[in-house]
Structure formats: C-alpha cells, structure tokens
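Report on the following structure.
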Amino acid sequence: MLQITCPWCGPREEIEFRNGGEGMALPAQATDAEWARVLYYRSNPAGPYAERWVHSHGCRQWFHVVRDTLTHDITHTSPLDVPPPVPTPVPPPVRPPASPPPDRPSMSASPRDPQANEP
Ligand SMILES: [Zn+2]
C-alpha cells in the first residue's frame, strides 16, 4: 500500500485518497481538437508521472503528486497552486535484435509434394 503525504495532513495510507488522473496545465483557450487531446489522451509513461490526487477521506483537498509508474515511489507532493517539477522521462529499454527462427524440418517428403509421388 502506498504512503502518500498530503500537503495539509501529512503522511497517510493510500486508502484515504483517490487518484484524479494525469496532472496537466489546462489551456486558457483551445480548439475542440486541442480540448479533446487534453481531456481524453494520456501520456502513460513508464517512469515518473505527474498526477492529481484528492484526500477524499481527509481534508478533501486536491494536490499534485509525482509518482513513478514502475516502482510507485512518490517523489513529490504539493498543493495545486505550486507547480510540480516536470518529470524526466525514462528512455525505453533497449531490446536485443531478434534472432532468426530455428531451422524447421524439410517439407519435401510431404505426401502433398508432387515429386514425392513420381517413380
Ligand atoms: Zn489532507
């Protein structure tokens, strides 16, 4: 279970809070397409992630949290009027090149091979 530090109440168990999703700056003016991107698209990074949480079973205040999505380590909490640090994205893991598939047995002896039926 996460231990979350509410900026007003101090450290509490995760069960007292609700996650409000990705924390982002809302534009003062935007087109419909820009609003759709702000409201419905999430960055979903593997690593540090800026979120908003509410202390729903406490002071009922919303605040910023920077949480690592891989380890769940919380590195920052602050009231909404204090901007959170911009999370540094973690580069994706480097995968080794794909190896060729293993050799398969020859299919020339198959009964469907036309040359296999010739005398
Ligand atoms: Zn609180």
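Any read-out appearing in this document is the output of simple, stated calculations on the displayed coordinates, not a laboratory observation. Because the structure is a prediction, the values reported are computed rather than measured. When we count neighbours, we look across all protein chains shown, and the Cβ atoms used for this are built from the backbone with ideal geometry, even at glycine.
Considering (1) away from the ligand (no atom under 16 Å from the Cβ); (2) surrounded by 10 or more Cβ atoms within 10 Å (Cβ to Cβ); (3) not in a loop (DSSP other than H, G, I, E, B), the lone condition that ALA33 does not fulfil carries the number (2). Might you check whether a residue that is surrounded by 15 or more Cβ atoms within 10 Å (Cβ to Cβ) and within 16 Å of the ligand (Cβ to nearest atom) occurs anywhere in the stretch 38-52? Yes.
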